[in-house]
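The values are calculated or read from the model by the stated rules, or taken from the named source; none is laboratory data. Only a predicted model underlies this, so the values are computations on that prediction, with no experimental measurement involved. Cβ coordinates were reconstructed from backbone atoms using ideal geometry, including for glycine residues, and neighbour counts include every protein chain displayed. Keep in mind that these areas ignore ligands, DNA and RNA; they rest on the heavy atoms of the full protein, side chains included. Shrake-Rupley method; radii C 1.70, N 1.55, O 1.52, S 1.80 Å.
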Amino acid sequence: MLLRATGVSNLTIEGAGAGTPGAPGTSSLLMDKAFYMANPQLYPKSEDRMGLAFYNCVDVTVRNLTVARTGGDGIYVNNLTRAHFIGVKALENYRQGMSIISATHLMVDECEFADTYGTEPMLGVDFEPNNHDDVLHNITLRNCLIAGNVGGGVSVGYSALSSLTPMPVD
C-alpha cells in the first residue's frame, strides 16, 4: 500500500492537480503494476497493493490527485464516514478503480475511474460489502467519468448484507 489510514479523523489529502500519471503539474501516487505482473516469482499475485486505503476513518477529504498503476485497488474504502473525493483520478489499476466495502455519507465528485485491468473484477467502482454488518448509506457518485475498465463501470454486490436500504447513485 502506498498510503493507509486506520482510525483517523479529520484527514485531508490534497494534490496540486489530477491528470496524466507522473505528468508535470499533477500530483500522482504511482506503483509499477507492469513490473508486478511481469515478475510473479518476485511478486506473487496479490490484490492488496492499494494506492489509498481507508479503514475506520471519519471526516476524510481527498482532492486533486491521481492514483495509478497500483497492484490492487486504486482506492479502497472500509468503514468510512463523512468523506468527500473531489477531482481524483484512479487510472490503470490492477483490480478496481475504487472499492467501497462500507461507507456512510460518501460523496465522490468529478472523479475518473478508467482503464482498470489485471485481475477480476476489473471495475471502475465496486460496491462490495464483505460482511453482514457492512453499510452502504448515503453514497453519491456525481459527475464522474467511468470508462475503459475491462470488467465494466459500476457494480453493486449486496449478497453479504443483512438488509437492503435505498442507495442513491447520481
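With the full set of protein chains in place, find how many percent of the accessible area of the stretch 27-107 is carbon and sulfur; take the probe as 1.4 Å.
50
Which value, in Å to one decimal place, does the Kirkwood hydrodynamic radius take for the stretch 62-155 when every pair of different Cα atoms is included?
12.7
Going by amide H atoms built from the backbone, whose H comes under 5 Å of the H on G148, apart from near neighbours?
D115
Provide the per residue accessible area, probe 1.4 Å, for the stretch 84-152, rounded to a whole number of square angstrom.
That works out to 36 Å² per residue.
Rounded to the nearest 20 debye, what is the charge dipole size of the chain about its Cα centre when +1 sits on each Lys and Arg Cβ and -1 on each Asp and Glu Cβ?
280
Over the alpha-carbon set of the stretch 30-96, work out the extent along each principal axis and list the three values in angstrom, largest first.
Taking max minus min along each principal axis of the Cα atoms, the stretch 30-96 gives 40, 22, 13 Å.
Output ³J(HN,Hα) for the stretch 48-60: one whole-Hz value per residue in order, computed from phi by the Karplus curve 6.51 cos²θ - 1.76 cosθ + 1.60 with θ = phi - 60°, and x for Gly and Pro.
9, 8, 7, x, 10, 10, 10, 10, 6, 10, 10, 6, 10
Taking +1 at the Cβ of each Lys and Arg and -1 at the Cβ of each Asp and Glu, which of S28, V58, G7 sits farthest along the dipole of the stretch 7-83 towards its positive end, judged by Cα position relative to the Cα centre?
Checking the options against the dipole of the stretch 7-83, the answer is S28.
Treating only the Cα positions of the chain as identical point scatterers, give the base-10 log of I(q)/I(0) from the Debye formula at each q in 0.10, 0.14, 0.19 Å⁻¹.
Values returned for q = 0.10, 0.14, 0.19 Å⁻¹ are -0.33, -0.66, -1.24.
Using all Cα-Cα distances in the stretch 49-88, what percent lands in each 10 angstrom bin from 0 up to the longest?
Percent of Cα pairs in each bin: 29, 56, 15.
In percent, what relative contact order does the stretch 1-74 have, based on Cα pairs under 8 Å that are 6 or more apart in sequence?
After rounding, I find 47 percent.
Springs between alpha-carbon atoms under 10 Å, Gaussian network over the chain: tell me which of N138, N149, N64 tops the mean-square fluctuations.
In this elastic network of the chain, the residue with the biggest mean-square fluctuation among N138, N149, N64 is N138.
Compute the distance in nm between two label points, each set 7 Å from the Cα along the Cα-to-Cβ direction, one at F35 and one at T104.
Here the answer is 4.1 nm between the modelled labels.
Would you mind checking which residues have amide H under 5 Å from N79's amide H? H placed 1.01 Å from N; only 5 or more apart, or other chain.
N56, I101, S102, A103
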